[in-house]
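Read the structure below first, then the notes.
The values are calculated or read from the model by the stated rules, or taken from the named source; none is laboratory data. Since we're looking at a predicted model, the values are computed, not measured. Ideal geometry is used to build each Cβ from the backbone, glycine not excepted, and the neighbour counts take in all protein chains shown.
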């Protein structure tokens, strides 16, 4: 089950704000819930995409053995599109320790929707979709932003997204990082808060970043910070938990799966007992 928490996540609408780069941004890092002695909360970091499909679901598995082959084995699929695609992070950077004397230049275009094909809507305007190759049929479902500079402002990225016909409102925050921020890294945190239809992934349509050998752009879903609860476990018994991702190509190979984490459900503390009251004179 999804870790539903105490209250729904607040959504912000910055359309009434003015000023260069004005943005309203809200985030609840941890939602409260009653403690459980038969469950484990799960956190994981989604993989970053450099052009491929983002994961559409995650398989969470648990067992009392690291072989995941006993009768205690259990699994759930986490595919909540509102959570997975509600916030997406675009990072433009030269990774630390690489080409340390260089600065980023150039720009990029983003696509909203589609299934990872190359091309843009303009590529298919004069063609029948039935006659297009598969890559362009996929691209026909995507809508592409105007070109953006690598160091675009939050307002510029927001305006480019809101100019798309399927996006009516977006929140964008910019994190320029702490390590040589002005020249080597820029992070765009994007919330699509108004849209037509179901949530869609943001994709890298194209980029012309320089230097070509070291500059890169990646897209990542929001991290799962205790967003899931594995329930129905036995208090005090040790379990192993692993998470694998799946997109349109397939699932994570077990040989490449993340490290298996051991965990043990703990007993919930009981109510206070043996309370002692002592009264002292105020003089």
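Applying the selection to the range 255-268, what residues are modelled with pLDDT of 70 or more and more than 16 Å from residue 234 (Cα to Cα)?
If the condition is that a residue be modelled with pLDDT of 70 or more and more than 16 Å from residue 234 (Cα to Cα), then 260, 261 are the ones that fit.
Could you go through the range 257-271 and let me know if any residue there is under 16 Å from the mean Cα position of the chain (by Cα) and in contact (Cβ under 8 Å) with a residue 60 or more places away in the chain.
Just the residues of the range 257-271 that are under 16 Å from the mean Cα position of the chain (by Cα), to begin with: none.
No; the residues of the range 257-271 include none that is under 16 Å from the mean Cα position of the chain (by Cα) and in contact (Cβ under 8 Å) with a residue 60 or more places away in the chain.
If I filter the range 72-81 for residues that are out of contact with any helix residue (DSSP H, G or I) (no Cβ under 9 Å at 6 or more places or on another chain), under 14 Å from residue 202 (Cα atoms) and not in a loop (DSSP other than H, G, I, E, B), do I get at least one hit?
Yes, some residue in the range 72-81 is out of contact with any helix residue (DSSP H, G or I) (no Cβ under 9 Å at 6 or more places or on another chain), under 14 Å from residue 202 (Cα atoms) and not in a loop (DSSP other than H, G, I, E, B).
So the check is Cβ under 6 Å with 6+ separation or different chains; which pairs have a first residue in the range 45-74 that's within 19 Å of residue 113 (Cβ to Cβ) and a second one that's surrounded by fewer than 16 Cβ atoms within 10 Å (Cβ to Cβ)?
If the second residue must be surrounded by fewer than 16 Cβ atoms within 10 Å (Cβ to Cβ), the pairs left are 53/248; 57/77; 57/79.
Only one residue in 146, 158, 186 is in contact (Cβ under 8 Å) with a residue 24 or more places away in the chain, more than 20 Å from residue 247 (Cβ to Cβ) and in a loop (DSSP other than H, G, I, E, B), so which one is that? It would help to see each step written out before you state the result.
Details: 158 fails: in a loop (DSSP other than H, G, I, E, B); 186 fails: in a loop (DSSP other than H, G, I, E, B).
None of the other options fit; the residue is 146.
Which one of these is touching a helix residue (DSSP H, G or I) at 6+ places or on another chain (Cβ under 9 Å) and part of a strand (DSSP E or B): 90, 60? If you could, list the steps in order and put the result at the bottom.
Values: 60 fails: touching a helix residue (DSSP H, G or I) at 6+ places or on another chain (Cβ under 9 Å).
Sole residue among the options that is touching a helix residue (DSSP H, G or I) at 6+ places or on another chain (Cβ under 9 Å) and part of a strand (DSSP E or B): 90.
Out of all the residues in the range 203-245, which are within 14 Å of residue 104 (Cα to Cα), in a loop (DSSP other than H, G, I, E, B) and either in contact with a helix residue (DSSP H, G or I) (Cβ under 9 Å, 6 or more places away or on another chain) or in contact (Cβ under 8 Å) with a residue 60 or more places away in the chain (or both)?
208, 209, 211, 213, 214, 215, listed by residue number.
Looking at the range 112-133, can you tell me whether even one residue there is surrounded by fewer than 20 Cβ atoms within 10 Å (Cβ to Cβ), at pLDDT 65 or above and either within 20 Å of residue 209 (Cα to Cα) or within 26 Å of the chain's Cα centre (by Cα) (or both)?
no
Being at pLDDT 90 or above, more than 15 Å from the chain's Cα centre (by Cα) and buried (at least 17 other Cβ atoms within 10 Å of the Cβ): is that true of residue 245 here? Spell out how you get there, then give the answer.
Details: at pLDDT 90 or above: yes; more than 15 Å from the chain's Cα centre (by Cα): no; buried (at least 17 other Cβ atoms within 10 Å of the Cβ): yes.
Answer is no for this residue.
Given the structure, is residue 184 crowded, with 22+ Cβ neighbours inside 10 Å and at pLDDT below 90? Walk me through it before giving the result.
Values: crowded, with 22+ Cβ neighbours inside 10 Å: yes; at pLDDT below 90: yes.
It is true that residue 184 is crowded, with 22+ Cβ neighbours inside 10 Å and at pLDDT below 90.
Test residue 197 against the stated conditions and say whether it is without any contact (Cβ under 8 Å) to a residue 60 or more places away in the chain and on the phi > 0 side of the Ramachandran plot.
Numbers: without any contact (Cβ under 8 Å) to a residue 60 or more places away in the chain: yes; on the phi > 0 side of the Ramachandran plot: yes.
Answer is yes for this residue.
Let me spell it out: the conditions are (1) assigned to a strand (DSSP E or B); (2) within 18 Å of the chain's Cα centre (by Cα), and residue 200 meets all of them except one. Which number is the exception?
All conditions are met except number (1).
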